[in-house]
1. What pairs can you find where one residue is in the range 213-238 and under 13 Å from A326 (Cβ atoms), the other is among the aromatic types (F, W, Y) and modelled with pLDDT under 85, and their Cβ atoms are less than 6 Å apart, with a gap of 6+ or different chains?
2. Among all residue pairs at least 6 apart or on different chains, which show Cβ distances below 6 Å where the first residue, located in the range 124-153, is farther than 21 Å from N111 by Cβ and the second is part of a helix (DSSP H, G or I)?
3. Kindly indicate which of V87, V64, V79 is open to solvent by less than 20 Å² (accessible area, probe 1.4 Å), over 20 Å from G229 (Cβ atoms) and part of a helix (DSSP H, G or I).
4. Looking at A123, A53, A65, can you tell me which residue is of a type in the set (G, A, S) and under 20 Å from V176 (Cβ atoms)?
5. From the list S178, S149, S167, pick out the single residue that is within 26 Å of the chain's Cα centre (by Cα) and either farther than 28 Å from F42 by Cα or at pLDDT 70 or above (or both).
6. Residues in the range 98-111: is at least one open to solvent by 60 Å² or more (accessible area, probe 1.4 Å) and modelled with pLDDT of 75 or more?
7. I need the full set of residues from the range 23-60 which are open to solvent by 60 Å² or more (accessible area, probe 1.4 Å), under 18 Å from A191 (Cβ atoms) and not aliphatic (A, V, I, L, M), in order please.
8. For the range 235-286, which residues satisfy the criterion of being open to solvent by 20 Å² or more (accessible area, probe 1.4 Å) and outside any helix (DSSP H, G or I)?
Amino acid sequence: MENNELSAVLEKRLVARFLDMFIKLCLILGLGSFCFTIISPFMNMLLWALILAVTLYPLQQHFVARTGGKQGLAATALVLMGILLIVVPTLAMLSSLGESVSIFMGKVNNNTLVIPPPSSSLASVPVIGEKLFAAWSKAHADLPGLIASYRPQLGDFTRIVVGKMASMGGGLIGFVFSFIIAGIVMAWGVAGAKSAGLIAIRITDERRGLALTKLCTSTIRAVAMGVIGVAFIQALLAGIVMVLAGIPAVGVFFILALIMGIAQVPVIVITAPAIAIMWMGGDHGTGMNIVFTVLLIVAGMADNVLKPLLLGRGVDAPMPVVLIGALGGMAASGILGMFVGATLLSIGYRIFMAWVSQGPDGLTMSGQHEQ
């Protein structure tokens, strides 16, 4: 009898304990879900701000030494300089892209767009040559009729383009706010670094936590400076020269150059058609065309100088990982997602490979990534 009563008491206590744990878990999950819902619209902006802060923190500390140890002043100066040197030219590139799309759609709607005749050699291309030649010939001979036959598809395409343009505009605004938030984070960099270390230690342990923070920091700086930074600066240089040269659709060339740069494809592939368009236009005369040609060639090959300056020892994540992260981020969240996706996927890849290569005691991870 006593055993049955004891069992009943233990069962009640076990049920009460389980119910107590279940309620606490539900409250924690509910609070976490609510917090994520609130912060999710700003997630990309905050992540990019953190990436910028980690990347630019050494430069901010250099400014601190020049300003007498004033963290806030140094961070503010760096943010203003970044907005002037990066955001303003980028805004010009995206405005050019929007203007090019608007002019193109206007010509399509007004039936003033002229398609040149196709080259006869196009028909000899295997598999798709004849179909491309026929479609191009029809566009040259009767473009309004061709447009009318594909009007539903063109309408869908227009909506997609307008949506992407709006996303890029929103991404640029997010870029500005990310710079401002990054400045605030850098101003409190010492406390932030300590908090990041404590979080990593709480997730793992003291030894692995320190290795994890160092791994994430090195990956962020390598990808942001050596891949994204080089590609962005190179695309910006090429875009500025194209604007000065009066080349149409500069925004399109800028986006393509940015993607090619992240993919580690020589940007000269993009600047070469721009050079051909400039020479065919013949608006500047031979002398100026030669000057702009040289500048575009230099811009297309600037990565050979920028990479040794910004990349340092190199990026441990393979280029396909960086490219997939950039394209996937761009598809999901626009131009801001391109930068965040490339960096986060590279961090995930390096953490995963460190986990794969470590032994049960975790010695390999600590020893391999502390250099």
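The values are calculated or read from the model by the stated rules, or taken from the named source; none is laboratory data. Given the structure is predicted, the values throughout are model-derived calculations rather than measurements. No Cβ is skipped: glycine too gets one built from the backbone with ideal geometry, and neighbour counts run over all protein chains shown. Note: accessible area is taken over every heavy atom of the protein model, side chains too, but ligands, DNA and RNA are not part of it. Shrake-Rupley method; radii C 1.70, N 1.55, O 1.52, S 1.80 Å.
1. Pairs that qualify, where the first residue is under 13 Å from A326 (Cβ atoms) and the partner is among the aromatic types (F, W, Y) and modelled with pLDDT under 85, are I228/F339; A235/F254.
2. G129/L122; G129/A123; E130/A123; L132/L122; F133/L122; F133/A123
3. That would be V64, the only listed residue that is open to solvent by less than 20 Å² (accessible area, probe 1.4 Å), over 20 Å from G229 (Cβ atoms) and part of a helix (DSSP H, G or I).
4. Details: A123 fails: under 20 Å from V176 (Cβ atoms); A65 fails: under 20 Å from V176 (Cβ atoms).
Exactly one of A123, A53, A65 is of a type in the set (G, A, S) and under 20 Å from V176 (Cβ atoms), namely A53.
5. S178
6. For the range 98-111, residues open to solvent by 60 Å² or more (accessible area, probe 1.4 Å) and modelled with pLDDT of 75 or more: absent.
7. Of everything in the range 23-60, just one residue is open to solvent by 60 Å² or more (accessible area, probe 1.4 Å), under 18 Å from A191 (Cβ atoms) and not aliphatic (A, V, I, L, M), namely P58.
8. Selection gives G246, P248, A249, A263, Q264, V265, P266, G282, D283, H284.
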